[in-house]
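**Student:** For reference, the structure I am asking about is given below.
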Amino acid sequence: MENRASAMDETRTRARTRRAILEAAIEVLGDNSSAPLSEVARTAGVARSTLQRYFPERSDLKFALGEYVEELVNEATERARTTEGTAIEAFSRLVAEYFGVRKGILAAFGDQDATQESAECESESGPADLALFDLIERGHEDGTIDPRITPLWAQQLLWSGLYAGAVYANVARVPAFEALNMCLLSLVKAVSDDRRV
């Protein structure tokens with residue numbers, strides 16, 4: 001019984017350490033994708049050798065970071081309640097929720113080749129992608145989203161807008177809420193069916 005409790009404690013400790021490293025990677029690599037892994041280790045509060053036990057190569061960390069951020073995006077999608085209210089209201093909530101994980105998105109996917117990313121989008125749609133596609137199609141039906149805006153274009157526009165918002169916050173040195181407001185204004189305006197106004 002004691003061995004089992006000890007093994008469970010070790011598993012929990014490993015999970016906490018792994019999560020701390022991934023959160024530190026978001027913080028460090030979200031600001032500078034080429035930052036040294038020693039900086040990630042320092043931010044996580046672990047030795048470089050500990051980081052290497054969990055992630056022997058930078059590519060291992062990037063892969064795990066991608067999976068972790070995908071989880072964060074899926075959780076953000078759930079919080080946005082994409083099936084409630086009008087589609088444009090749901091889209092606004094989705095933008096706000098995704099804005100909250102923008103640094104993770106930049107850290108995990110910010111240096112990916114755009115053509116590679118586009119090919120992956122078309123071949124592998126996860127729960128968050130499918131929720132966005134359904135939301136856009138619902139917006140076509142309820143008249144709040146311009147029918148000329150395809151689901152895939154809305155997806156590309158959303159990620160581009162979030163990237164612009166993150167960069168704007170850093171370059172203009174404005175508070176996050178101001179960058180979020182600019183994202184919301186721009187993205188909602190871009191997909192809204194203005195023919196109804």
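**Student:** What are the pairs, 6+ residues apart or on separate chains, where a residue within segment 26-49 that is under 15 Å from GLY104 (Cβ atoms) has its Cβ under 9 Å from a residue that is assigned to a helix (DSSP H, G or I) and among the hydroxyl-bearing types (Ser, Thr, Tyr)?
**Tutor:** Sorted first by the residue in segment 26-49, then by its partner, the pairs are ILE26/TYR68; GLU27/THR43; VAL28/THR43; ALA44/THR17; ALA44/THR50.
**Student:** Please state which of the following conditions ASP113 fails to meet, knowing it meets all the rest: (1) modelled with pLDDT under 95; (2) in contact with a helix residue (DSSP H, G or I) (Cβ under 6 Å, 6 or more places away or on another chain); (3) not aromatic (Phe, Trp, Tyr).
**Tutor:** All conditions are met except number (2).
**Student:** Sort through VAL101, VAL95 and tell me the only one that's among the hydrophobic types (A, V, I, L, M, F, W, C) and either at positive phi or at pLDDT below 95 (or both).
**Tutor:** VAL101
**Student:** If you don't mind, another one. Looking at PRO151, PRO147, which one is within 22 Å of THR83 (Cα to Cα), modelled with pLDDT of 95 or more and open to solvent by 60 Å² or more (accessible area, probe 1.4 Å)? Give the derivation first.
**Tutor:** Values: PRO151 fails: open to solvent by 60 Å² or more (accessible area, probe 1.4 Å).
PRO147 is the lone residue from the list that is within 22 Å of THR83 (Cα to Cα), modelled with pLDDT of 95 or more and open to solvent by 60 Å² or more (accessible area, probe 1.4 Å).
**Student:** Now for a different question. Can you tell me which residues in segment 137-171 are within 18 Å of ARG93 (Cβ to Cβ) and within 17 Å of the chain's Cα centre (by Cα)?
**Tutor:** ALA154, GLN155, LEU157, LEU158, TRP159, GLY161, LEU162, GLY165 - these are the residues of segment 137-171 that are within 18 Å of ARG93 (Cβ to Cβ) and within 17 Å of the chain's Cα centre (by Cα).
**Student:** Here's something else I'd like to know. Quick check on segment 73-83. Is at least one of its residues open to solvent by 30 Å² or more (accessible area, probe 1.4 Å) and hydrophobic (A, V, I, L, M, F, W, C)? Outline the logic, then answer.
**Tutor:** Step one: list which residues in segment 73-83 are open to solvent by 30 Å² or more (accessible area, probe 1.4 Å), which gives 74-75, 78-79, 81, 83.
Remaining after also requiring hydrophobic (A, V, I, L, M, F, W, C): none.
There is no residue in segment 73-83 that is open to solvent by 30 Å² or more (accessible area, probe 1.4 Å) and hydrophobic (A, V, I, L, M, F, W, C).
**Student:** Has segment 166-174 got any residue that is charged (D, E, K, R), open to solvent by 60 Å² or more (accessible area, probe 1.4 Å) and assigned to a helix (DSSP H, G or I)? Break it down stepwise before answering.
**Tutor:** Here is the first cut: in segment 166-174, the residues charged (D, E, K, R) are 173.
Imposing the further condition that a residue be open to solvent by 60 Å² or more (accessible area, probe 1.4 Å) reduces the set to 173.
With assigned to a helix (DSSP H, G or I) added as a condition, the list becomes none.
No - not one qualifying residue is present in segment 166-174.
Condition check ((1) assigned to a loop (DSSP other than H, G, I, E, B); (2) touching a strand residue (DSSP E or B) at 6+ places or on another chain (Cβ under 7 Å); (3) within 17 Å of ASP129 (Cβ to Cβ)) across all residues:
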{"residue": "SER38", "(1), (2), (3)": "no, no, no"}
{"residue": "ALA41", "(1), (2), (3)": "no, no, no"}
{"residue": "LEU65", "(1), (2), (3)": "no, no, no"}
{"residue": "VAL69", "(1), (2), (3)": "no, no, yes"}
{"residue": "GLU78", "(1), (2), (3)": "no, no, yes"}
{"residue": "GLY85", "(1), (2), (3)": "yes, no, no"}
{"residue": "ALA90", "(1), (2), (3)": "no, no, yes"}
{"residue": "ARG93", "(1), (2), (3)": "no, no, yes"}
{"residue": "TYR98", "(1), (2), (3)": "no, no, yes"}
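The values are calculated or read from the model by the stated rules, or taken from the named source; none is laboratory data. None of the values given here were measured: they were computed from a predicted structure. Every residue, glycine as well, gets a Cβ built from its backbone with ideal geometry; the counts of neighbours run over all protein chains shown. The area values use the complete protein model at the heavy-atom level, side chains included, leaving out ligands, DNA and RNA. Shrake-Rupley method; radii C 1.70, N 1.55, O 1.52, S 1.80 Å.
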